[in-house]
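J.: Structure below; questions to follow.
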Amino acid sequence: MKDDKDVEIKTRKVGLEADAETIHIRGLDAVTGKAEVIEALEEKIGSLKGKMYRLGDLRESVMGTQAVTLTINKDDANKISEDREIRVGLVNCSMERRIPMTRCLKCWAFDHLAVECDGPDRTKTCFRCGNEGHAAKDCTNEEGCPICKKPGHKAGTGKCGAFRRTLSTARKNKCCSKCVKPGHATKECNETGVQQPIH
């Protein structure tokens, strides 16, 4: 097993977001590092060298575990999520594809696009605290959400009530994350050549 400090991890920005899928990997052991996640991914799809992908930072999750978010092209996402779990180190971790949702880049709401927006302009607002005058990377304030007007979380995270309501609606409206088409649930999808994601 490789040690994180001995591995040069190249995390690349995905070039074509329209052709990319986001997968959440959960249940990682508390001592797992990025190098182990990359090894597990490469066991499923081969070398990541030369591929466009983004592997987020590992973050604390429930019951002392960790989670990480991967963005990668659809073909590789299908191969990775084919078995619905991935073995990272000694642990079988669960995977879930992100459900695509509309989000306004102007006001950050989840029910429209920026071209249709008549809400407040938050393009110069700090994404961490919800205040103006500085960038999120320079922010030392407590996290705050301007969407639900509550402290303790950033907009669009799992702690955000507005985000959770929108996600629940997307799931109820049967938005398939296998073919990314509305009108049917993932388990009802008849598309061929695409592997079944997890929800």
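The values are calculated or read from the model by the stated rules, or taken from the named source; none is laboratory data. Remember, it's a predicted structure, so these values are computed and weren't measured experimentally. So basically every Cβ, Gly included, is an ideal-geometry build from the backbone, and we count neighbours across all protein chains shown.
J.: Can you work out which of the residues in segment 73-121 that are among the aliphatic types (A, V, I, L, M) and either assigned to a helix (DSSP H, G or I) or at pLDDT below 85 (or both) is nearest to residue 19 (Cα to Cα)? Walk me through it before giving the result.
T.: Step one: filter segment 73-121 for residues among the aliphatic types (A, V, I, L, M), giving 77, 80, 86, 88, 90-91, 95, 99, 101, 105, 109, 113-115.
Among the residues that remain, those that are also either assigned to a helix (DSSP H, G or I) or at pLDDT below 85 (or both) are: 77, 80, 99, 101, 114-115.
Numbers: 77: 10, 80: 15, 99: 14, 101: 15, 114: 21, 115: 22 Å.
Result: 77.
J.: Considering only residues of segment 46-68 that are out of contact with any Asp or Glu (no Cβ under 9 Å at 6 or more places or on another chain) and under 17 Å from residue 157 (Cα atoms), which is surrounded by the most Cβ atoms within 10 Å (Cβ to Cβ)?
T.: Here the residue is 58.
J.: A further question follows. Considering only residues that are modelled with pLDDT of 75 or more, crowded, with 17+ Cβ neighbours inside 10 Å, small (Gly, Ala, Ser) and out of contact with any Gly (no Cβ under 8 Å at 6 or more places or on another chain), which ones fall in segment 137-185?
T.: Once the filter is applied, which keeps residues that are modelled with pLDDT of 75 or more, crowded, with 17+ Cβ neighbours inside 10 Å, small (Gly, Ala, Ser) and out of contact with any Gly (no Cβ under 8 Å at 6 or more places or on another chain), segment 137-185 yields 156, 162, 170.
J.: Answer with yes or no whether residue 127 is surrounded by 16 or more Cβ atoms within 10 Å (Cβ to Cβ) and at pLDDT below 90. If you could, list the steps in order and put the result at the bottom.
T.: Values: surrounded by 16 or more Cβ atoms within 10 Å (Cβ to Cβ): yes; at pLDDT below 90: no.
Taking the combined requirement at face value, the residue does not satisfy it.
J.: Let me ask something else. Does at least one position in segment 14-36 carry a residue that is at pLDDT 90 or above, farther than 25 Å from residue 158 by Cα and in contact with a strand residue (DSSP E or B) (Cβ under 9 Å, 6 or more places away or on another chain)?
T.: Yes - at least one qualifying residue is present in segment 14-36.
J.: Which residues, counting only those in segment 38-56, are out of contact with any helix residue (DSSP H, G or I) (no Cβ under 8 Å at 6 or more places or on another chain) and within 24 Å of residue 100 (Cα to Cα)? Break it down into steps so the answer makes sense when it comes.
T.: Of segment 38-56, the ones out of contact with any helix residue (DSSP H, G or I) (no Cβ under 8 Å at 6 or more places or on another chain) are 38-40, 42-43, 46-47, 49-50, 52, 54, 56.
Listed by number, the residues that qualify are 52, 54, 56.
J.: Look at segment 114-157 and say how many of its residues are under 25 Å from residue 100 (Cβ atoms) and in contact with a helix residue (DSSP H, G or I) (Cβ under 7 Å, 6 or more places away or on another chain).
T.: Here the count works out to 6.
J.: Shifting gears a bit: In segment 129-176, how many residues are more than 14 Å from residue 109 (Cβ to Cβ) and more than 17 Å from the chain's Cα centre (by Cα)?
T.: Within segment 129-176, residues that are more than 14 Å from residue 109 (Cβ to Cβ) and more than 17 Å from the chain's Cα centre (by Cα) number 21.
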